[in-house]
Amino acid sequence: MVQTQIKCPQCGQPIVAEVEQILDTSVDPQAKAKILSGAFNVAQCPHCNFQGPLSTPFVYHDPTKELLLTYFPPELALPRDEQEKAIGSMINQVMENLPQEQRKGYLLNPQPVLTIKGLQERILEEDGVTKEMIEEQEQRVRLIQEMMDMDETALEARAKEEDENIDEQFFAILAQLAQATAGGGDEGGTRKLIDLQNKLLPLTTYGQKVQAQSQEIEAVVKELQELGENLTREKLLELVLDAKDNEVRLETLVGVARQGMDYQFFQQLSEKIDATEGDEKTDLGMLREKLLDMTRQIDEALQARLQVAKRNLDTLLDQPNIPEVVTQNLPAIDDYFLQVLNQELEMAQQAGDQEKLGKLQQVVETLNQASGGAELQLLDDLLKAEDEAAQDKLLEERKDEISDKFLETLTGLMVQMQNGDDQELSDKVRAIYRKALKLSMQTGMAG
């Protein structure tokens with residue numbers, strides 16, 4: 001990504017814009033998401049508030065699909081030989097980023113596209129997404145944009161009218177838009193999208209279903225928290241048997257208490273099955289198979305996420321400017337990446353691999369600088385508090401550290417965790433945010 005000075009297309013004043021001409025998924029895991037959301041090569045003018053796409057050529061590369069696409073804006077009206085020269089230079093950079101063994105024939109046959117929409121469709125086509133599916137998604141995006149500016153009465157009427165279309169995919173798109181907007185630094189737009197989601201949950205059939213599931217999940221998590229150290233395998237088995245006819249509760253138990261469902265747990269379940277007869281024996285046998293399948297899926301998903309994180313970290317360490325690439329890919333940094341990073345640090349230390357250790361330290365230092373080490377340390381201390389009383393006491397003692405930056409850090413985390421797997425952690429962060437915001441307001445009024 002390069003910062004360059006251009007003239008605002010609307011008012012003509014000079015502005016600084018960030019331009020990306022190589023969007024390569026092997027270097028930037030967010031490259032595909034940027035193109036599909038349109039969150040790249042966008043000009044924002046501080047003089048006239050214009051916001052719109054920049055007319056700049058670029059290439060898109062996805063080595064996993066052996067896909068190399070090129071785009072040259074027709075409005076630039078450059079001669080063909082100059083277009084080919086510009087695009088050729090970008091393709092050479094793509095090839096230089098690849099190891100020798102990954103430089104394949106498709107790189108010599110780039111596919112030109114005439115429009116950004118055509119490029120998006122070509123990318124989605126590789127994922128098995130048809131034009132009809134794209135049109136449906138565009139309709140949902142337009143619906144979201146219309147709903148963002150509606151008052152309560154109009155929104156309620158429109159939600160009732162569009163109930164069938166406000167489904168799982170609709171809420172997934174809404175969450176993706178919120179994340180992309182937050183990544184672009186538009187806090188106002190992010191708040192509007194999150195507010196729209198919260199309003200639509202009780203107004204729609206699917207939203208009500210999600211709320212009911214969330215309440216069920218919260219009940220299970222609370223029950224496990226109350227048991228604390230008293231949660232034995234026997235008690236866990238008892239909870240599972242009580243939840244065998246409630247799919248949401250059962251899935252939550254497996255997700256939250258996966259570590260407790262080990263060999264001894266299944267041995268106890270097998271003993272219980274052996275002690276029963278008839279339909280009960282059959283039902284418990286089916287439950288055992290369901291539990292084994294659920295735990296297997298969780299383990300496979302975890303392993304897959306860790307493998308992706310490992311590949312991303314390896315790719316990052318091969319880059320000449322590690323801090324710059326880390327900064328560009330902050331939205332892709334998650335708990336799995338940090339877990340792999342810590343493992344690689346430990347292994348490099350044990351092996352005495354100073355070269356790799358130095359590169360890994362660059363990653364760590366850049367992440368600390370970008371995320372605000374002090375803010376995250378305060379959050380970590382608050383999360384580790386024994387109970388609410390201890391948390392409140394800590395907040396009061398360290399109220400001088402509750403800055404705008406701390407509140408912004410919490411806001412960013414809440415957006416990232418909106419549709420994450422760890423609902424318990426998300427709820428804790430949200431509760432801390434409410435307390436910190438209240439304390440900040442009280443301090444401001446007192447001052």
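Give the relative contact order (percent, whole number) for the chain; include only Cα pairs under 8 Å separated by 6+ residues.
Rounded, it is 10 percent for the chain.
Please determine, in degrees from 0 to 90 and to the nearest 10, the orientation of helix 404-416 with respect to the longest principal axis defined by the Cα atoms of the chain, where the helix direction is its Cα long axis.
80 degrees
Taking a virtual spin label 7 Å from the Cα of Glu138 along the C-beta vector, which residues in the range 29-49 bring their backbone nitrogen under 17 Å of it?
35-39
When you count, for each residue, the other Cβ atoms within 10 Å and take the mean per peptide, how do 221-232, 312-323 rank with the highest first?
By packing density, highest mean first, the sequence is 312-323, 221-232.
Taking a threshold of 23 Å on the Cα-Cα distance, which of the pairs Lys117/Lys310; Lys160/Lys199; Lys310/Lys384; Lys192/Lys393; Lys199/Lys428; Lys34/Lys117 fall above it?
Numbers: Lys117/Lys310 32 Å; Lys160/Lys199 12 Å; Lys310/Lys384 28 Å; Lys192/Lys393 33 Å; Lys199/Lys428 21 Å; Lys34/Lys117 13 Å.
From the list (Lys117/Lys310; Lys160/Lys199; Lys310/Lys384; Lys192/Lys393; Lys199/Lys428; Lys34/Lys117), the Cα-Cα distance tops 23 Å for Lys117/Lys310; Lys310/Lys384; Lys192/Lys393.
Counting other beta carbons within 10 Å of each Cβ, put His47, His61 in order, fewest first.
Taking fewest neighbouring Cβ atoms as first place, the list is His47, His61.
Rounded to whole Hz and in sequence order, give me ³J(HN,Hα) for the range 360-367 from the Karplus expression 6.51 cos²θ - 1.76 cosθ + 1.60, θ = phi - 60°, writing x for Gly and Pro.
5, 5, 4, 4, 4, 5, 5, 5
Skipping prolines and chain starts, which residues have an amide H placed within reach, meaning under 5 Å, of the one on Met150, given they are 5 or more residues away or on another chain?
So Met150 has HN proximity to no qualifying residue.
Computed from these coordinates, which is Rg and Dmax of the Cα atoms in Å: [x] 22.9, 69; [y] 23.9, 75; [z] 25.6, 82?
[z]
Helix 152-161 versus the longest principal axis of the chain: what angle, 0 to 90°, nearest 10, using Cα atoms?
On a 0 to 90 degree scale, this one is about 80.
Which aspartates and glutamates, on any chain, are close to Lys438 with Cα under 16 Å apart, when same-chain ones fewer than 8 places away are left out?
Glu388, Asp392, Glu396, Glu397, Asp400, Glu401, Asp404, Glu408
Taking the chain as a Gaussian network, where each spring joins two C-alpha atoms under 10 Å apart, which residue of Ala31, Ala212, Ala39 fluctuates the most?
Top of the fluctuation ranking is Ala212.
Which whole-Hz ³J(HN,Hα) couplings does the range 71-85 yield from phi under the Karplus relation 6.51 cos²θ - 1.76 cosθ + 1.60, θ = phi - 60°, glycine and proline marked x?
Values per residue, Gly and Pro as x: 9, 10, x, x, 5, 6, 6, 8, x, 4, 5, 6, 4, 5, 5 Hz.
Taking the Cα atoms only, what angle lies between the long axis of helix 116-126 and the longest principal axis of the chain, rounded to 10 degrees?
Once rounded, the angle reads 50 degrees.
Report, by chain and number, residues whose modeled amide H sits under 5 Å from the one on Val19, excluding near sequence neighbours (fewer than 5 apart, same chain).
Sorted by chain and number, the residues that satisfy this are Val2, Gln3, Thr4.
Applying a 10 Å radius around every beta-carbon, put 23-29, 152-158, 119-125 in order of their mean neighbour count, most first.
Ranked from most to least packed, the peptides come out as 23-29, 119-125, 152-158.
Modelled label-to-label distance, Glu84 and Glu277, 7 Å Cα→beta-carbon offset: nm?
Taking the two extended label points, one gets 8.5 nm.
Please give the calculated 222 nm ellipticity per residue for the chain, where each DSSP H segment of at least 4 residues contributes -39500 (n - 2.57) and the sum is spread over every residue; nearest 500 deg cm²/dmol?
-21000 deg cm²/dmol
FRET efficiency for Leu292 and Glu223, Cβ-Cβ distance as r, R0 = 25 Å, nearest 0.05? Write down the numbers at each step before the final one.
On the way: r = 23 Å, r/R0 = 0.93.
Efficiency, rounded to the nearest 0.05: 0.60.
Sequence-distant or interchain residues sharing an amide H contact under 5 Å with Leu67, placed H: which?
Asp62
Between Glu397 and Gln51, how high is the FRET efficiency from 1/(1 + (r/R0)^6) when r is the Cβ-Cβ distance and R₀ = 35 Å? Nearest 0.05.
Approximately 0.25, to the nearest 0.05.
Since every read-out is calculated from the coordinates, none of them should be taken as a lab result. Note that the structure is predicted; figures quoted are calculated from it, not measured. For neighbour counting, all protein chains shown are included, and Cβ atoms are generated from backbone atoms with ideal geometry for every residue, glycine included.
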